[in-house]
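Input: a single structure, listed below in structure tokens.
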Amino acid sequence: MHNSVTRLQNVFGFFTTVAFAVAAVIALADFSVPRTPTAEIKTTNVQVVKGRPHYYSSKKEEYAIIKFSLDADLSSLFTWNTKQVFVYVTADWTSPPSAKAAAGSAPQTNSAVIWDAIITSPSADHLTNLGPVALKKLVRSAEGKSIDPSRGILSLKNQKPKYQITHPSSRIAETDNVTLKVHYNVQPWVGALTWNQDRDYGLWKSMAAAVSRSFKLPALKVKGGAKAGGDDKGAKAKKAGKA
């Protein structure tokens with residue numbers, strides 16, 4: 001006859017089996033809900049300056065400040081199983097191989113995050129890092145809504161970047177073919193993390209228009225409004241005329 005410990009082990013084993021089966025069903029059910037995110041992004045102002053991009057930087061270097069406008073609809077990413085969505089914008093470009101690289105090496109691919117945000121679902125608002133007043137308003141706005149249709153709708157105009165762009169070479173001015181790209185990462189209550197895909201998978205569609213037009217970073221901006229190396233000849237000519 002089974003003792004109490006054996007019976008407890010059997011009950012616990014049955015409970016974990018049922019819990020795992022329910023979790024698997026919930027995770028697989030996500031594939032039955034369409035995902036049709038869209039995003040449109042464009043640059044509004046681009047500058048390259050020289051200085052210390054971070055307070056902990058030990059030396060001065062060139063860094064880019066990119067302002068942008070973003071209109072995105074990520075509301076289809078929020079379901080009963082969505083905990084939060086992480087949204088971020090990257091600047092991508094390629095650069096020639098470094099001098100230390102072997103001959104015939106492929107160009108280097110660069111990607112730097114310039115802005116990010118976490119959007120919680122109504123069931124996870126208590127996890128946000130907000131003050132008591134802002135959190136109370138957020139929770140109140142989502143009362144009675146299992147899926148809030150307004151979540152994930154972004155409209156940013158002339159948004160300042162959270163992070164500046166630098167390069168290991170400390171030089172980034174006049175870089176060609178730079179593009180901005182919108183990314184997202186869905187964190188569910190149960191299941192695997194999912195990222196934006198490059199192609200369609202069933203009801204999950206790739207994010208349309210998530211890449212900006214390519215642009216070139218301007219020349220280095222220096223004090224007095226002049227560009228580095230741009231007005232040297234003009235200054236010399238003025239001095240010669242005065243002489």
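Observations on the model:
- The range 43-50 - phi-based ³J(HN,Hα) in whole Hz, Karplus 6.51/-1.76/1.60, Gly and Pro as x: 7, 10, 7, 10, 9, 10, 10, 10
- Surface composition of the range 34-217: carbon plus sulfur atoms hold 52% of the accessible area, using a 1.4 angstrom probe and ignoring ligands, DNA and RNA.
- Near L203, once Lys and Arg are set to +1 and Asp and Glu to -1 for all other residues with Cβ below 11 Å from its Cβ, the sum equals 0.
- Cβ charges +1 (Lys, Arg) and -1 (Asp, Glu), total dipole of the range 151-198, debye: 300
- Estimated FRET transfer efficiency when R0 is 51 angstrom, pair A106-K137 (beta carbons, to 0.05): 0.50
- A simple count of charges around P161, restricted to other residues whose Cβ falls under 13 Å of its Cβ and scoring Lys, Arg +1 and Asp, Glu -1, yields +2.
- Calculated FRET efficiency for the pair Q197/N177, C-beta based, R₀ 41 Å, to 0.05: 0.95
The values are calculated or read from the model by the stated rules, or taken from the named source; none is laboratory data. Not measured: the values here are computed from a predicted model. Note that we place each Cβ from the backbone using ideal geometry, even for glycine, and neighbour counts take in every protein chain shown. Accessible surface is based on the protein model in full, side chains and every heavy atom, while ligands, DNA and RNA are left aside. Shrake-Rupley method; radii C 1.70, N 1.55, O 1.52, S 1.80 Å.
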